[in-house]
Amino acid sequence: MTQKRQTYTIRDIAQRANVSYQTVSLVINKKPGVSESTRKRILDLMNELDYHPNRVAQILNSNQSKTLELIIVDVRYGGRLADSTKIMAATAKDMGYSLLISEAESHNLAAAFSNAAARLVDGVVLYAPRLRFSDEQMLSLANTLPMVRRDYMPGSKLAWVGFDQVYATRLATEHLISLGHKRIAAVPPDPDLINGYWRLLTWQNVLREHGLEPGPYVTGDYSMKSGYEATHRLVDLNQPFTGLVVGTDTMAMGVLRALRERGFSIPGDVSVVSLDNSEMASYTEPTLTTVDFRFSKQDEMAVRFLIELLNTPQMELHQRVLTPTGLVVRESTRPLTEG
């Protein structure tokens, strides 16, 4: 017969350490006001007795669970999502919080928020690259639960963190124009993706600003396969181009392969510029010219922004727009030489 383990309470710890209940509470909640020697004595005793604080009691006493939740909505292609979640979890941990991760679809987002509230999380980071709900809809869904979106959301007055997609796409497109290219095509992300919408629109607008007619384009979904298939369809349109703006480095991997299969040299026949500056951009053949996004900064800032809102309830909701570091010029682009 297994012997039942003795369960200790915070008052047992206080009595054995010869301190007050309040002193043990300060140590458990990592608050100041306790000498280092006393803190160490209490922690050693808790470890010796295998004491674990009552989580529910802690939440009730502090009105905080020290837990955040990342809700991922309608993400069909993972891309660098694993890196993002790792960085967000590490940032939360550094700031004394845990991070839960859940998935949802736009049609059941209300249930996702309701479940988060039932788990007593303090706030939510929302990663929803396709979601275009109004601010009023979002506030209704969140139902007072603090929230920060990790998305570029021009026009939204809620809290969000995102890279300036207009500026980034302008950098890429004007790079090709500066090299003398006039027939510039594109393989952007699908416009139902928020970033895809802005990248497609900006590519068209920038060309027209420079007196150029946008070339042909075929969209993809961030994946290598979609870049590969889109490029074959682009070539089949029989509308010549010498410059190509690609939505992401991952898509560009497929684009480069498809161009070579169709007999194009890069950058001899077609100069290719992309966006992201992922690690793979330095190892493609040829190496990719690309706009430098520091996505780790966006991931970290989204979590920190949420915790700021939690710790400063009177803070007015605002938006934090990040600017890409710049354009990293590599081997996939070159000046156009006619004839």
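The values are calculated or read from the model by the stated rules, or taken from the named source; none is laboratory data. Values in this document were obtained by computation on a predicted structure and should not be read as measured data. We place every Cβ from the backbone using ideal geometry, glycine too, and count neighbours over all the protein chains shown. The area values use the complete protein model at the heavy-atom level, side chains included, leaving out ligands, DNA and RNA. Shrake-Rupley method; radii C 1.70, N 1.55, O 1.52, S 1.80 Å.
Side notes on the structure shown:
- Entry remark, the stretch 21-52: residues being over 40 Å from the mean Cα position of the chain (by Cα), hydrophobic (A, V, I, L, M, F, W, C), at pLDDT below 85 and part of a helix (DSSP H, G or I) number 0 in total.
- Listed by first and then second residue, the pairs linking a residue in the stretch 121-138 that is over 15 Å from ASP74 (Cβ atoms) and in contact (Cβ under 8 Å) with a residue 12 or more places away in the chain to a residue that is among the aromatic types (Phe, Trp, Tyr) and not in a loop (DSSP other than H, G, I, E, B), with Cβ atoms under 9 Å apart and 6 or more places separating them unless they lie on different chains, are VAL124/PHE113; VAL125/PHE305.
- For the stretch 307-330, the count of residues that are over 30 Å from ALA92 (Cα atoms) and of a type outside the set (A, V, I, L, M) is at least one.
- Flag: VAL273 matches the condition of being closer than 23 Å to ASP192 by Cα and touching a strand residue (DSSP E or B) at 6+ places or on another chain (Cβ under 9 Å).
- Here the stretch 208-263 is the region considered, the condition is being open to solvent by 20 Å² or more (accessible area, probe 1.4 Å), among the polar types (S, T, N, Q) and touching a helix residue (DSSP H, G or I) at 6+ places or on another chain (Cβ under 8 Å), and the residue that is nearest to VAL166 (Cα to Cα) is THR219.
- All positions within the stretch 70-80 that are surrounded by 15 or more Cβ atoms within 10 Å (Cβ to Cβ) and either without any contact (Cβ under 8 Å) to a residue 60 or more places away in the chain or not basic (Lys, Arg) (or both): LEU70, ILE71, ILE72, VAL73, ASP74, VAL75, TYR77, GLY79
- Of the listed requirements (1) surrounded by 18 or more Cβ atoms within 10 Å (Cβ to Cβ); (2) of a type outside the set (Gly, Ala, Ser); (3) at pLDDT below 95, GLU279 misses just one: (1).
Conditions (1) over 26 Å from THR85 (Cα atoms); (2) touching a Cys at 6+ places or on another chain (Cβ under 9 Å); (3) modelled with pLDDT of 95 or more, marked per residue:
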{"position": "ASN238", "(1), (2), (3)": "yes, no, yes"}
{"position": "LEU244", "(1), (2), (3)": "yes, no, yes"}
{"position": "PRO267", "(1), (2), (3)": "yes, no, yes"}
{"position": "SER271", "(1), (2), (3)": "yes, no, yes"}
{"position": "THR290", "(1), (2), (3)": "no, no, yes"}
{"position": "SER296", "(1), (2), (3)": "no, no, no"}
{"position": "ALA302", "(1), (2), (3)": "no, no, yes"}
{"position": "ARG320", "(1), (2), (3)": "no, no, yes"}
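- Residue check for GLU316: within 27 Å of ILE194 (Cα to Cα), surrounded by fewer than 21 Cβ atoms within 10 Å (Cβ to Cβ) and modelled with pLDDT under 95: yes
- Those strands (runs of 3 or more DSSP E) lying entirely in the stretch 267-331 with at least 3 residues out of contact with any Ser or Thr (no Cβ under 6 Å at 6 or more places or on another chain) and closer than 24 Å to TYR152 by Cα: 319-322
- Test result for TYR77, closer than 30 Å to ASN277 by Cα and either of a type in the set (A, V, I, L, M) or modelled with pLDDT under 85 (or both): yes
- Of all residues in the stretch 129-183, exactly one satisfies the criterion of being in contact with a His (Cβ under 8 Å, 6 or more places away or on another chain) and closer than 22 Å to SER296 by Cα, namely ALA159.
- When each of TYR217, TYR222 is tested for being among the hydroxyl-bearing types (Ser, Thr, Tyr), on the phi > 0 side of the Ramachandran plot and touching a Phe, Trp or Tyr at 6+ places or on another chain (Cβ under 9 Å), the lone residue that passes is TYR222.
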